[in-house]
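Below is one structure, written out as structure tokens, with a few remarks after it.
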Amino acid sequence: MIQVFSKQPQIGTTIFTIMSKLATDVGALNLAQGFPSFDCSPQLIDLVNFHLKKGHNQYAPMAGVPALKEAIAEKTSSLYKVSYNPENEVTVVSGATEALYAAITAVVCPQDEVILFEPAYDSYAPSVELNGGIPIYITLEPPNYQINWDLVKQKISAKTKLIILNTPHNPTGKILTINDLNQLAAIVKDTNIFIISDEVYEHITFDGRQHLSLMQHPSLQERTFICGSFGKTFHITGWKIGYCLAPKELSVEFRKAHQWITFATSTPLQYALADFLKEPSYYLALPEFYQKKRDKFLVCLQNSGFSYLPAEGSFFQTVSYSDISDENDYELAVRLTTEIGVAAIPVSVFYHQKNDYKILRFCFAKDDEILEKAGERLSRLFSKSF
């Protein structure tokens with residue numbers, strides 16, 4: 001028998017696949033995986049059909065369709081007052097996860113250290129390790145998940161090559177502040193440390209908060225890969241279209257990796273998005289739209305026994321059950337799915353040592369009917385069963 005040597009023997013199937021399959025198998029409401037239950041704009045679908053029929057069905061340019069790169073640059077300039085050259089500083093990729101992997105591949109060499117803040121999206125560390133890098137973890141603790149920048153300073157070494165940040169943050173819903181950016185800028189000043197900023201939820205912020213992109217801090221912008229996603233913004237996660245904004249020198253290295261990973265992204269979808277971006281109201285209305293979803297879900301949880309701080313951004317709400325049960329969060333997530341029909345993500349999976357703070361993550365990017373049913377089940381059955 002041929003022997004297979006695993007490059008990542010400790011890596012199994014992602015928790016999102018596990019919980020979504022379990023939810024499907026038992027017919028549970030899937031508030032685990034982060035995708036909307038509602039469809040995208042009919043106008044966007046019409047634009048896709050238009051470009052399919054127009055013949056835009058061959059390979060797109062490796063770095064993206066020019067019209068879409070220009071639209072991304074214009075949107076960025078309008079929102080953040082920062083200019084990126086669409087020709088050599090904007091790259092379209094097949095989803096934000098590819099953007100993250102390509103950016104990590106572009107700069108991380110064997111034995112380089114990469115600072116990660118956990119709980120962290122589960123692709124970060126494996127992508128670092130596949131490139132020979134060494135994850136250096138900084139643990140953020142509930143309920144506030146504040147970054148201890150003094151600890152960050154202590155973790156910086158001569159081997160530090162990269163820092164990965166996520167704002168608005170998945171799974172906690174926290175948003176970085178100007179104080180965070182200023183402290184980060186002071187730490188990386190006069191170093192060769194790069195930054196990846198995962199900003200896929202940039203348009204989903206609540207209670208009057210504004211998303212603060214790392215590109216808006218001049219001394220950070222010059223060393224940062226900004227990773228974005230149309231999937232999260234326009235309810236089209238199945239399209240897998242994202243992008244990366246980075247200064248020319250960084251984009252050159254980013255594209256070297258991108259061309260071997262997917263090379264190009266779906267052509268008609270790119271043209272459709274380029275046209276769709278001409279109307280800013282589609283993304284400017286998202287904070288109000290998703291805040292209603294968050295608030296609806298929190299109302300539905302009022303009698304559940306969970307405790308929580310309302311999410312500042314993203315379409316996730318974390319809740320604590322420490323006053324209700326001592327059960328392991330993974331086991332509880334499975335039981336909630338199988339016994340009452342509501343799937344969630346156990347937050348311990350986002351920590352490399354599986355820290356169990358008795359917290360679950362729910363996705364509220366769902367139709368109101370689903371949120372109401374989930375709230376009823378959690379409120380009625382949770383207190384009886386646990």
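The values are calculated or read from the model by the stated rules, or taken from the named source; none is laboratory data. Just so you know, these numbers come straight off a predicted model, no measurement behind them. Cβ sites come from the backbone with ideal geometry, for glycine too, and all protein chains shown count toward neighbours.
Restricting the search to segment 321-358, which residues are under 22 Å from GLU372 (Cβ atoms), surrounded by fewer than 23 Cβ atoms within 10 Å (Cβ to Cβ) and small (Gly, Ala, Ser)?
Hit for segment 321-358 is GLY341, nothing else.
I'm trying to understand the selection: among the residues of segment 198-245, which are within 15 Å of ALA285 (Cβ to Cβ) and among the acidic types (Asp, Glu)?
GLU202
Any chance you could count how many residues in segment 310-327 are in contact with a strand residue (DSSP E or B) (Cβ under 8 Å, 6 or more places away or on another chain) and farther than 22 Å from PRO36 by Cβ?
We begin by selecting, within segment 310-327, every residue in contact with a strand residue (DSSP E or B) (Cβ under 8 Å, 6 or more places away or on another chain); these are 310-313, 315-323.
Subset that is farther than 22 Å from PRO36 by Cβ: 320-323.
The qualifying residues number 4.
Considering each of LEU309, LEU360, LEU371 in turn, give the residue that is part of a helix (DSSP H, G or I) and of a type outside the set (Lys, Arg).
Details: LEU309 fails: part of a helix (DSSP H, G or I); LEU360 fails: part of a helix (DSSP H, G or I).
Within the list LEU309, LEU360, LEU371, the selection yields LEU371.
Would you pick out the residues in segment 280-294 that are without any contact (Cβ under 8 Å) to a residue 12 or more places away in the chain and more than 20 Å from the chain's Cα centre (by Cα)?
Keep residues of segment 280-294 that are without any contact (Cβ under 8 Å) to a residue 12 or more places away in the chain, which gives 281, 285, 288-289, 292.
Answer for segment 280-294, where residues must be without any contact (Cβ under 8 Å) to a residue 12 or more places away in the chain and more than 20 Å from the chain's Cα centre (by Cα): SER281, LYS292.
Grab the helices (runs of 4 or more DSSP H) fully contained in segment 93-209, keeping just those with 3 or more residues being under 19 Å from the mean Cα position of the chain (by Cα) and farther than 22 Å from CYS363 by Cα.
Numbers: elements: 96-107, 124-130, 149-155, 178-188.
Because the criterion is at least 3 residues that are under 19 Å from the mean Cα position of the chain (by Cα) and farther than 22 Å from CYS363 by Cα, the helices (runs of 4 or more DSSP H) in segment 93-209 that meet it are 96-107, 124-130.
Would you point out which residue out of ALA60, ALA32 is within 28 Å of SER266 (Cβ to Cβ), assigned by TED's automatic domain parsing to the domain that holds ASN170, modelled with pLDDT of 90 or more and among the aliphatic types (A, V, I, L, M)? Show your work before the answer.
Working: ALA32 fails: assigned by TED's automatic domain parsing to the domain that holds ASN170.
Answer to the check: ALA60.
Can you tell which of VAL93, VAL26, VAL82, VAL65 is assigned by TED's automatic domain parsing to the domain that holds TYR243 and closer than 30 Å to VAL347 by Cα?
Working: VAL26 fails: assigned by TED's automatic domain parsing to the domain that holds TYR243; VAL82 fails: closer than 30 Å to VAL347 by Cα; VAL65 fails: closer than 30 Å to VAL347 by Cα.
Of the residues listed, the single one that is assigned by TED's automatic domain parsing to the domain that holds TYR243 and closer than 30 Å to VAL347 by Cα is VAL93.
Given (1) out of contact with any strand residue (DSSP E or B) (no Cβ under 9 Å at 6 or more places or on another chain); (2) over 22 Å from LEU309 (Cβ atoms); (3) touching a residue at least 12 places away in the same chain (Cβ under 8 Å), identify the lone condition not met by THR177.
(2)
Do you know which residues across segment 1-32 are surrounded by fewer than 19 Cβ atoms within 10 Å (Cβ to Cβ), out of contact with any Asp or Glu (no Cβ under 8 Å at 6 or more places or on another chain), part of a loop (DSSP other than H, G, I, E, B) and in contact (Cβ under 8 Å) with a residue 12 or more places away in the chain?
LYS7, ILE11, GLY27
Looking at segment 285-300, is at least one residue over 13 Å from THR205 (Cα atoms) and part of a loop (DSSP other than H, G, I, E, B)? Outline the logic, then answer.
If we filter segment 285-300 for residues that are over 13 Å from THR205 (Cα atoms), which is where we start, we get 296-300.
Now restrict to residues that are part of a loop (DSSP other than H, G, I, E, B): none.
No, segment 285-300 contains no residue that is over 13 Å from THR205 (Cα atoms) and part of a loop (DSSP other than H, G, I, E, B).
GLN146 is checked against (1) modelled with pLDDT of 95 or more; (2) exposed (fewer than 15 other Cβ atoms within 10 Å of the Cβ); (3) touching a Leu at 6+ places or on another chain (Cβ under 6 Å) and fails just one. What number does that condition carry?
All conditions are met except number (3).
Could you run through segment 210-263 and say how many residues are within 14 Å of the chain's Cα centre (by Cα) and assigned to a helix (DSSP H, G or I)?
Of the residues in that region, 5 qualify.
From the list PHE230, PHE254, PHE234, PHE276, which one is under 13 Å from GLU89 (Cα atoms), out of contact with any Asp or Glu (no Cβ under 9 Å at 6 or more places or on another chain) and crowded, with 21+ Cβ neighbours inside 10 Å?
Numbers: PHE230 fails: under 13 Å from GLU89 (Cα atoms); PHE234 fails: under 13 Å from GLU89 (Cα atoms); PHE276 fails: under 13 Å from GLU89 (Cα atoms).
Just a single option satisfies the conditions, and that option is PHE254.
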